[in-house]
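Just below is one structure, and these are the notes that go with it.
The values are calculated or read from the model by the stated rules, or taken from the named source; none is laboratory data. Bear in mind that the values here come from a model prediction, so they are computed numbers and not experimental data. Quick reminder, even Gly has a Cβ in these numbers, built from the backbone with ideal geometry, and neighbours come from all protein chains shown.
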Amino acid sequence: MIHNCQKTFGETMPNWARYLIFFQYIGTNYRGVVKVPPHQLGRKGVQDHLEDAISRLRPLNPVSLTVSSRTDAGVHALSNSAHFDLQRKNDKPPFTEDILVEALNFHLRPEQIRITSALRVPDDFHARFCAQSRTYVYRIALGISHHSLLPLTDHNLCWNLRNTTLDVGAMREAAALLVGTQDFSSFRAVNSDMPFKSPVKTLDVASIEPGSSFVHAHFHREIPFWELTFTSRSFLYKQVRRMTGALVAVGRGQLSVTQLQEILEVRDSLAFPQGMAAPAHGLFLTRVDYRQTDLLFSQQTSEEQFISSGNSED
């Protein structure tokens, strides 16, 4: 099924609005970003807490959040996004964007989740299908024999390796093989969506650059950090963690550039070496980008569409 960010038109009411929110979270305490089924006990998803916060605004309509980018348990986000509709009671006008951010963050206070911005968007805007690209950054710390030796500000926020160096030149050579449009079957993990999603993706960016500790200017010793950045319109299940794990294996000398190319070309999920995927806690979703034209909300345009339509979605 092909989904587009197409212009259709939904019901327009003066006290009803669709919002796009950008939000950040530390994923350590959550079972991923999406909702956890009601019958499953224990930790909730980030979406559960966001919907709870929206429901505390007492909307007339049922609360339903559509998240743009799914992240697994333990993965973090500096900027994920989602859309939802909100109809206020007693013909009150829609919340302004600033007030909405303030109100939601007030109700999210106990959680490591924060709304960074909100936009009122057209009635047909879809946070997932309108997204033009998503960027992930994977953080790696070198020369750390045990995670307790990391600054507290980086605990559970990077992958600590005993290695004091990596062959970054070989890693970059291997990363170049991943860029472009190709079948990434070998770099996706098995899940229930596999039969329905094409393994062909276009990877626009796969870069490896020096990084730093969040408190590098104040910690008592220098820790080498590297950041692996990946940008694509969409990714397969666990694709970024598998690509990262394979590139680190190349940097450690456990895998040659040629062997990585062979894994890619075999196009088989089972060909990926077991246990090589990078752990979740070093991964950050850092950007979800949209076309500005898709974000522009115009009350006048909405009314014109309403009249012309005869009152009439990675």
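Points worth noting:
- Note on segment 18-45: among residues that are in contact with a Ser or Thr (Cβ under 8 Å, 6 or more places away or on another chain) and of a type in the set (Val, Ile, Thr), the one that is farthest from residue 238 (Cα to Cα) is 21.
- Scope segment 125-141; condition of a type outside the set (Phe, Trp, Tyr) and under 12 Å from residue 227 (Cβ atoms); matching residues: 135, 137, 139, 140, 141
- The requirement of being closer than 30 Å to residue 54 by Cα, among the acidic types (Asp, Glu) and surrounded by fewer than 21 Cβ atoms within 10 Å (Cβ to Cβ) is fulfilled somewhere in segment 124-147, by at least one residue.
- Counting residues in segment 100-107 that are outside any loop (DSSP other than H, G, I, E, B), among the aromatic types (Phe, Trp, Tyr) and closer than 21 Å to residue 273 by Cα gives zero.
- Matching entry among 230, 235 (being crowded, with 20+ Cβ neighbours inside 10 Å, part of a strand (DSSP E or B) and not β-branched (Val, Ile, Thr)): 230
- Hits in segment 113-159 - residues which are closer than 24 Å to residue 70 by Cβ and of a type in the set (A, V, I, L, M): 113, 115, 118, 119, 121, 127, 131, 137, 140, 157
- Of 78, 41, 50, 60, all but one fail to be among the hydrophobic types (A, V, I, L, M, F, W, C), under 23 Å from residue 14 (Cα atoms) and assigned by TED's automatic domain parsing to the domain that holds residue 94; the exception is 60.
Yes/no per residue for (1) touching a His at 6+ places or on another chain (Cβ under 9 Å); (2) more than 25 Å from residue 292 (Cα to Cα); (3) at pLDDT 95 or above:
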| residue | (1), (2), (3) |
| --- | --- |
| 69 | no, no, yes |
| 75 | yes, yes, yes |
| 88 | no, yes, no |
| 97 | no, no, yes |
| 101 | no, no, yes |
| 131 | no, no, yes |
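- Considering residues of segment 38-61 that are within 20 Å of the chain's Cα centre (by Cα) and part of a loop (DSSP other than H, G, I, E, B) only, the residue surrounded by the most Cβ atoms within 10 Å (Cβ to Cβ): 45
- Residue in segment 191-205 that is closer than 24 Å to residue 258 by Cα, hydrophobic (A, V, I, L, M, F, W, C), within 20 Å of the chain's Cα centre (by Cα) and modelled with pLDDT under 95 present: no
- Segment 246-285, subset over 18 Å from residue 179 (Cβ atoms) and hydroxyl-bearing (Ser, Thr, Tyr), residue surrounded by the most Cβ atoms within 10 Å (Cβ to Cβ): 269
- Scanning segment 168-185 finds no residues that are acidic (Asp, Glu), modelled with pLDDT of 95 or more and within 18 Å of the chain's Cα centre (by Cα).
- Test: residue in segment 174-190 that is closer than 28 Å to residue 222 by Cα and not in a strand (DSSP E or B): yes
- Flag if residue 254 is out of contact with any Phe, Trp or Tyr (no Cβ under 6 Å at 6 or more places or on another chain), assigned to a loop (DSSP other than H, G, I, E, B) and modelled with pLDDT of 95 or more: yes
- Considering residues of segment 286-303 that are charged (D, E, K, R) and more than 30 Å from residue 154 (Cβ to Cβ) only, the residue surrounded by the most Cβ atoms within 10 Å (Cβ to Cβ): 294
- Screening residue 281 with (1) part of a loop (DSSP other than H, G, I, E, B); (2) within 25 Å of the chain's Cα centre (by Cα); (3) at negative phi gives one miss only, at (1).
- The numbered conditions (1) among the polar types (S, T, N, Q); (2) under 26 Å from residue 236 (Cα atoms); (3) not in a loop (DSSP other than H, G, I, E, B) are all true for residue 71 except (3).
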